[in-house]
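The values are calculated or read from the model by the stated rules, or taken from the named source; none is laboratory data. It should be emphasised that the depicted structure is a prediction, and the values quoted were computed from it without experimental measurement. Methodologically, a virtual Cβ is constructed for each residue, glycine included, from the backbone with ideal geometry; neighbour enumeration extends over all protein chains shown. Side chains included, ligands, DNA and RNA excluded: accessible areas come from the protein's heavy atoms. Shrake-Rupley method; radii C 1.70, N 1.55, O 1.52, S 1.80 Å.
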Amino acid sequence: MKKNSPVSRSGRFAQGPGADVAQFSESISFDHRLWRHDILGSLAQAAMLKKIRVLTNVEHAAIARGLKQIASEIEQGRFQWKPELEDVHMNIEAELTRRVPAGAKLHTGRSRNDQVALDMRLWLRDEITTLLGEIAMLQRALVKLGEKNTDAIIPGYTHLQRAQPVYFAHHLLAYVEMLERDCERLWDCHSRVNVCPLGSGAIAGSTLPLDRVFVAKQLGFVDAQGKPQLTQNSMDAVSDRDFAVEFCAAAALLAVHLSRFAEDVILWASAEFNFIKIADAYTTGSSLMPQKKNPDVAELSRGKSARVIGNLVALLTLLKGLPMTYNRDLQEDKERLFDSADTVRVTTRLLAAMVNHTTVNTRACLSAASDPTLLATDLADYLVLKGMPFRQAHHVVGSVVALAENTGKLLSQLSLAELRSVNAAFGRDALRVFDLKRAMARRNLIGAPGTKELAKQLARWRGLLG
Ligand code: ARG
């Protein structure tokens, strides 16, 4: 073997790559973080090679020992990564072989093409599990804040105009629902990540009797029933990055949900709304204006959604013109995938912490929610119950709202005579519609912000989230 030349060039090439080429094409600077999963994959590969007698027991033991030793050195930051060895796969294999001669047999029937697909799947599987845990923490934080403030009522908005009153907790539970769908999508994505590509070789499998089922079982690539999950086409297996795209898509939608929540938080924390107060530790000041307390955690959460969306688009663009099968372009997938995973994980975590350090200004909420126009629809419903067609009721209440506006009164301050001047169907009980507590008690359809329904939904989430 020639000195300073990666194993992938030995034999065929007269010299190593130019320094500029090596620098341009290395991936160790970012794929080193796959090391744990690369070693797990190699341990399973070694065990399989022993099973099919490519490795003796002694060789296998030496390789396993060597790999574990390298793992602990990496863990302790004592391992020396060499950029001239291109990537995490060659760094680990080269060092193993330097220490254990039998390491030269480890790559039997394996290519970096199926190896990198394996590593990414193993890595992403763990990443999804961690992320699902973080999302559940955020859901719990939202439910807890809702439970602490079951008496807080705010205006619900459409077009960012006051629409109808809702419990603050009902608004929070809307995000809990969105996050639950994110979990479902991630878990669904997990089922397609959880398929073992090893044994696909560079493109066309191997002439050697590799035991793919054994490897898949070793690495936990099994479905809920314990059935091993193997890729079924070697060409697809080495060029497929659907699992990464699916994750990035699920992450992008999660990021969008987090961004929308962040936007609500930013509005609520403004003096104009004043619905919530975020603890000092989760806000920042201004370098110039001494009075400022800015909701930067929420703003950055909103801002970071941009890169997560960008990562998805970058991955799709990376794939759209690629001929079969593996092309080096695919190396560009990792930073996008890592960045999406890192960004949504840390954003979810920070938002959960921020929610846990947020208090609700129930008085300000109530004062906004006491705007009687929020109950104009309830007044129309009142007329419907008196037998009036809804379209007519809508028109009548519209006229009542105009009357209030013209007389400079609140809707609830109009007298029965004034109401009846618009339509005779109004009775004595009409003004009771503006009793907010009563109004909240009356909207108990499944999924509506009624007093009982809210308690039911909070209890349901408490039960589901533990
Ligand atoms: N570093 C490479 C990547 O991330 C590993 C696979 C290299 N395969 C190859 N045929 N050069 O895609």
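Figures for the structure shown
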{"quantity": "Computed FRET value (nearest 0.05) for R428 with D296, which takes r as the C-beta separation and R₀ as 51 Å", "calculated": "0.45"}
{"quantity": "Nitroxide proxy distance, nm - points 7 Å out along Cα→Cβ at R260 and E332", "calculated": "3.1"}
{"quantity": "Pairwise Cα inverse-distance average, inverted: Kirkwood Rh of region 6-116 (Å)", "calculated": "14.5"}
{"quantity": "Zero-based 10 Å bins, Cα pair distances in region 195-322, whole percents", "calculated": "11, 24, 20, 17, 14, 10, 3, 0"}
{"quantity": "Relative contact order [Cα under 8 Å, 6+ residues apart], the chain, whole percent", "calculated": "15"}
{"quantity": "Backbone HN-Hα couplings from phi across region 427-440 [Karplus 6.51/-1.76/1.60, Hz, Gly and Pro as x]", "calculated": "x, 3, 6, 4, 6, 5, 3, 7, 7, 4, 4, 5, 4, 5"}
{"quantity": "For region 346-376 versus region 222-276, the gap between their alpha-carbon centres in whole angstrom", "calculated": "26"}
{"quantity": "Accessible area of the chain belonging to carbon and sulfur atoms, whole % at 1.4 Å probe", "calculated": "55"}
{"quantity": "Region 322-413: proportion of alpha-carbon pairs further apart than 19 angstrom, %", "calculated": "69"}
{"quantity": "Reachable lysines from K68, criterion Cα separation under 22 angstrom, eight or more residues apart if same chain", "calculated": "K50, K51, K82, K105, K217"}
{"quantity": "Average accessible surface area per residue within the chain, 1.4 Å rolling probe, Å²", "calculated": "49"}
{"quantity": "Qualifying lysines (Cα of each under 21 Å from Cα of K292; at least 8 residues distant if same chain)", "calculated": "K277"}
{"quantity": "Mean projected area in nm² (Cα convex hull; one quarter of hull surface) for the chain", "calculated": "30.5"}
{"quantity": "Under Karplus coefficients 6.51, -1.76 and 1.60, residue-wise ³J(HN,Hα) of region 62-75 in Hz, glycine/proline x", "calculated": "5, 5, 4, 4, x, 5, 5, 4, 4, 4, 6, 5, 5, 4"}
{"quantity": "Quotient of C-alpha Rg and 2.2 N^0.38 Å, computed over region 280-379", "calculated": "1.73"}
{"quantity": "Largest to smallest accessible area among R112, R241, R125 [probe 1.4 Å]", "calculated": "R112, R125, R241"}
{"quantity": "Contour minus Cα-Cα distance for K456 and A104 (0.36 nm per residue)", "calculated": "120.5 nm"}
{"quantity": "Pairs of alpha carbons in region 187-244 whose separation is greater than 13 Å (percent)", "calculated": "59"}
{"quantity": "Convex hull volume per residue for region 395-466, taking Cα atoms only, in Å³", "calculated": "113"}
{"quantity": "Förster radius 35 Å - calculated FRET efficiency between D211 and K82, Cβ distance, rounded to 0.05", "calculated": "0.65"}
{"quantity": "Relative packing of peptides 210-217, 428-435 - highest average C-beta neighbours within 10 Å first", "calculated": "210-217, 428-435"}
{"quantity": "Considering only the chain, percent of DSSP beta bridges that pair antiparallel, nearest 5", "calculated": "90"}
{"quantity": "Values of log10 I(q)/I(0), in the order q = 0.14, 0.19 Å⁻¹, for region 135-251 under a Debye, Cα-only, solvent-free model", "calculated": "-0.73, -1.01"}
{"quantity": "Label-point separation in nm, V58 to N233, each point 7 Å along Cα→Cβ", "calculated": "4.6"}
{"quantity": "Approximate spin-label separation S286-D20, in nm, with each point projected 7 Å along Cα-to-Cβ", "calculated": "4.9"}
